[in-house]
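Working notes, structure below.
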Amino acid sequence: MRSVVFSLVIAAGLTLSGSGAAAAQPAATTNTCASCHEGLSDARLARPAATFAGQDVHRENGFACADCHGGRATAADKTQAHDAGSGFKGKPSGQAVIATCARCHGDAVFMRRFAPRQRVDQAAEYATSVHGMRLASGDTRVATCVSCHGAHGIRLVNDVKSPVFPTNVAATCTACHADASHMSGYTLPNKQPLPTNQLSLYQQSVHYLALTKGNDLSAPTCNDCHGNHGAAPPGAGSVVNVCGTCHAVFAQKFATSVHSQIFDKACVECHSNHAVRQPSDEMLGTGDRSLCATCHSGADDKGVIAATQMRGDIERLKAGLSRSAAVVASLKNSGMEMSAQELAIGNARTRLTLARTEVHTFDAAHVAPIVAEGVKMLADVDAAGETATAELRFRRRGLAVSLGAILLVVIALGLKIRQLDRRG
């Protein structure tokens, strides 16, 4: 299927361009296409020329209208400019869009002149995507290159105003996927209608907050999970691999768990897919906000026992951290040297993080030793805190005695001075 679709793309490209990628060259100096279209009263025809005249990566590299649309760029007469014999193809659509873009972007030799590091397999990858396969089957409503990158006024992908810049990707994808009328007729593998609420759910996620509020451009958006040119929904069996791209340690732990053989949707079972919320310890155990209770119930249930034990161990370590940190902070504020204890508390916090990670094995026996290490570290901190507290008391008593002695000396000197004054 891939080779057939890609062959169609390349064949269309050769037919439309006449001589393949080598035919695409920087346009002639005179560009009557723009000068003519800018003066048209029909906004539909005038707008592309005005947009292209702005910030466009192709125009900035010397390309013009005829390089994509064909025709004679130097002809002042409309009939001559639109002459089919000169390769004029007007507004490409469907497979013609892919072929037009691939004519340059699929030619490694040609692209080396402009962007040597840029990939040149986008058309082949697109042919494997859901969009590409549906387009090959005759569905012209699917996204093509211009749907995401634009047709005129195309910006570099690292331009903050580009539709495919990380902070803009969700809006670009949901221009189609959040449009109920546009998505009408598309279904999930189970024949249910394809949802159109992905954007609203994603905006509730920890990923969206990290990307938009935390300015973390590495936070995942649509294409990080679904792919870009080869966009496709990850299969249920692939979800853990998709999540594991970023959360590698969690994926490794989950792979060793009993749940890896039970959960059909892997990580999604607990964390959802688009509305991924900030994880919390309340998700573990048997409380009202616990996820374990979704499947496990009863005091003798192994899952309940394991979840209760893991949550108890984690809460014990958290309580110890809170107590020890407060003592160390108070002693440090009093002038005591507590650097070693602060470092130990940091190490204990690392154990808390490791314990939370180990929860994905769903085995309390893996969590308990890590918590025990953290508790032992805090016990040493508490012992050092007691020693420092005793020393602080000793210092304060010594200071009080010293101040008392100084006060007595001052009083004695005052009395002596008065006595001398009376004698004088």
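The values are calculated or read from the model by the stated rules, or taken from the named source; none is laboratory data. Since this is a predicted model, take the numbers as computed values, not measurements. For neighbour counting, all protein chains shown are included, and Cβ atoms are generated from backbone atoms with ideal geometry for every residue, glycine included.
With the structure loaded, tell me whether residue 251 is outside any loop (DSSP other than H, G, I, E, B), small (Gly, Ala, Ser) and within 20 Å of the chain's Cα centre (by Cα) or whether it fails that test. Before you say what the answer is, go through the steps one by one.
Numbers: outside any loop (DSSP other than H, G, I, E, B): yes; small (Gly, Ala, Ser): yes; within 20 Å of the chain's Cα centre (by Cα): yes.
Spelling it out, residue 251 is indeed outside any loop (DSSP other than H, G, I, E, B), small (Gly, Ala, Ser) and within 20 Å of the chain's Cα centre (by Cα).
Could you tell me whether the stretch 117-134 includes any residue that is in contact with a Ser or Thr (Cβ under 8 Å, 6 or more places away or on another chain), of a type outside the set (Phe, Trp, Tyr) and surrounded by 15 or more Cβ atoms within 10 Å (Cβ to Cβ)? Yes, some residue in the stretch 117-134 is in contact with a Ser or Thr (Cβ under 8 Å, 6 or more places away or on another chain), of a type outside the set (Phe, Trp, Tyr) and surrounded by 15 or more Cβ atoms within 10 Å (Cβ to Cβ).
Looking at the stretch 358-366, can you tell me whether even one residue there is more than 42 Å from the chain's Cα centre (by Cα) and either modelled with pLDDT under 95 or in a loop (DSSP other than H, G, I, E, B) (or both)? Quick ask: steps written out before the conclusion?
The initial filter retains those residues of the stretch 358-366 that are more than 42 Å from the chain's Cα centre (by Cα), namely none.
Scanning the stretch 358-366 turns up no residue that is more than 42 Å from the chain's Cα centre (by Cα) and either modelled with pLDDT under 95 or in a loop (DSSP other than H, G, I, E, B) (or both).
Of all residues in the stretch 287-311, those being of a type in the set (Ser, Thr, Tyr) and surrounded by fewer than 17 Cβ atoms within 10 Å (Cβ to Cβ) number 2.
Going by the conditions given, is residue 229 assigned to a helix (DSSP H, G or I) and not hydrophobic (A, V, I, L, M, F, W, C)?
Numbers: assigned to a helix (DSSP H, G or I): no; not hydrophobic (A, V, I, L, M, F, W, C): yes.
Spelling it out, it is not the case that residue 229 is assigned to a helix (DSSP H, G or I) and not hydrophobic (A, V, I, L, M, F, W, C).
Residue 224: in a helix (DSSP H, G or I) and of a type outside the set (Gly, Ala, Ser), yes or no? Answer is yes for this residue. Identify, from the list 160, 164, the residue that is touching a Ser or Thr at 6+ places or on another chain (Cβ under 8 Å), under 21 Å from residue 102 (Cα atoms), outside the structural domain of residue 102 (by TED's automatic domain parsing) and not polar (S, T, N, Q). Matching residue, one of 160, 164: 164. Based on what the data block shows, is residue 92 crowded, with 17+ Cβ neighbours inside 10 Å and either on the phi < 0 side of the Ramachandran plot or among the aliphatic types (A, V, I, L, M) (or both)? Yes.
Among residues of the stretch 276-287 that are part of a loop (DSSP other than H, G, I, E, B), those with a beta-carbon under 7 Å from a residue that is surrounded by 18 or more Cβ atoms within 10 Å (Cβ to Cβ) and of a type in the set (Ser, Thr, Tyr) at least six positions away or on a different chain give the pairs 276/205; 277/205; 284/290; 285/308; 286/308. When 206, 249, 240 are checked against the criterion of being of a type in the set (A, V, I, L, M, F, W, C), modelled with pLDDT of 90 or more and surrounded by 15 or more Cβ atoms within 10 Å (Cβ to Cβ), 206 stands alone in meeting it.
Annotation note: of 340, 348, 344, 306, the sole residue that is closer than 21 Å to residue 375 by Cα, in contact (Cβ under 8 Å) with a residue 24 or more places away in the chain and within 31 Å of the chain's Cα centre (by Cα) is 348. Of all residues in the stretch 152-177, those satisfying the criterion of being of a type in the set (Gly, Ala, Ser) and crowded, with 18+ Cβ neighbours inside 10 Å are 153, 162, 170. When the residues of the stretch 209-233 are filtered to those that are among the hydroxyl-bearing types (Ser, Thr, Tyr) and under 15 Å from residue 246 (Cβ atoms), the one that is surrounded by the fewest Cβ atoms within 10 Å (Cβ to Cβ) is 218.
Scanning the stretch 95-144 for residues that are more than 18 Å from residue 61 (Cα to Cα), in contact with a Cys (Cβ under 9 Å, 6 or more places away or on another chain) and in a helix (DSSP H, G or I) yields a total of 5.
Could you check, for the stretch 73-81, whether at least one of its residues is modelled with pLDDT of 90 or more and assigned by TED's automatic domain parsing to the domain that holds residue 39? Don't jump to the end; show me each part of the working.
Narrowing the stretch 73-81 to residues modelled with pLDDT of 90 or more: none.
No: zero hits.
Summed over the stretch 57-87, residues that are at negative phi and crowded, with 18+ Cβ neighbours inside 10 Å total 13.
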